Amino acid sequence: MNETRRDAAIAAISDDLTRAIRRVGALKQQYGVPDPASLPLLFRLIDGPLRATELAELLHVDLSVVSRQLASLAERDLVVKTRDAEDRRAYRVEITEAGRSLVADVTCIRKRYLEGLLSEWDTEDVTRFADYLHRLTLTLDSHHIAAQPRPLAGEI
C-alpha cells in the first residue's frame, strides 16, 4: 500500500471510528442506560474491587473524572466503597448486585444490537472484523497516550 492509500485508509478509519463511537453513545441513551460515560468503570469492576487510582489508570482518564463518576454510581447503589485490607487508609470500589445487573443488561443490549446490525454479514467477515478490532483494541491498550507529544494543527 503506498503512502497516499495508507493515509486515506487511516483517515477513513478515524472518521468511521468517530461515527461508530457517537452511534454507540446514542444507542446507550436510546435504551435508557443511566450515565453512559460511567459504564466503563462498572465493566472494569466486574473482576473485583479496585482503587479509584487504578480505575483512572486502566481507563486512561484523570482521577477527578473517575471520582465524579464513582460518586454518581454510588448514589444509584451501583458501587460501594470498602476499606482496602492491605492499606486501611485507602478504599477500594466494589460493584454491587444492582451494578452487576446493569452490566448484564448492557451486555445483552450490545449483543442483540450487533447481532441485528451484522445479520447480513457472513461468518468469515464477522470473524475477520472481530480479529482486527481486537488487534486495534490491544494496540490502544498498550499505547501510552501521555508519552506522545501533542501534534500541532499544521503537523496533522
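The values are calculated or read from the model by the stated rules, or taken from the named source; none is laboratory data. Given the structure is predicted, the values throughout are model-derived calculations rather than measurements. Cβ atoms come from the backbone with ideal geometry, glycine included; neighbour counts cover every protein chain shown.
The condition of being basic (Lys, Arg), in a helix (DSSP H, G or I), closer than 25 Å to residue 142 by Cβ and not assigned by TED's automatic domain parsing to the domain that holds residue 129 holds for only one of 19, 23, that being 19.
The one condition from (1) in the same structural domain as residue 141 (by TED's automatic domain parsing); (2) assigned to a helix (DSSP H, G or I); (3) in contact with a helix residue (DSSP H, G or I) (Cβ under 7 Å, 6 or more places away or on another chain) that residue 94 does not meet is (2). As a summary of the residue check, residue 43 satisfies the conditions (1) under 16 Å from the mean Cα position of the chain (by Cα); (2) over 21 Å from residue 98 (Cβ atoms); (3) part of a helix (DSSP H, G or I) except for the one numbered (2).
For the condition out of contact with any helix residue (DSSP H, G or I) (no Cβ under 8 Å at 6 or more places or on another chain), surrounded by 14 or more Cβ atoms within 10 Å (Cβ to Cβ) and not acidic (Asp, Glu), what is the one hit in 80, 24, 66, 61? Please lay out each step first, then the result.
On the way: 80 fails: out of contact with any helix residue (DSSP H, G or I) (no Cβ under 8 Å at 6 or more places or on another chain); 24 fails: surrounded by 14 or more Cβ atoms within 10 Å (Cβ to Cβ); 66 fails: out of contact with any helix residue (DSSP H, G or I) (no Cβ under 8 Å at 6 or more places or on another chain).
Answer to the selection: 61.
Against the numbered list (1) loosely packed, with under 11 Cβ neighbours inside 10 Å; (2) assigned to a helix (DSSP H, G or I), residue 85 comes up short only at (2).
Within the range 49-62, does at least one residue satisfy the condition of being assigned by TED's automatic domain parsing to the domain that holds residue 110 and small (Gly, Ala, Ser)? Yes, the conditions are met somewhere in the range 49-62. If you check 69, 29 for being farther than 20 Å from residue 136 by Cα, part of a helix (DSSP H, G or I) and touching a Ser or Thr at 6+ places or on another chain (Cβ under 6 Å), only one passes: 69. Restricting attention to the range 111-130, the residues that are surrounded by 10 or more Cβ atoms within 10 Å (Cβ to Cβ) and free of Cβ contacts under 8 Å to residues at least 60 places away in the same chain add up to 13.
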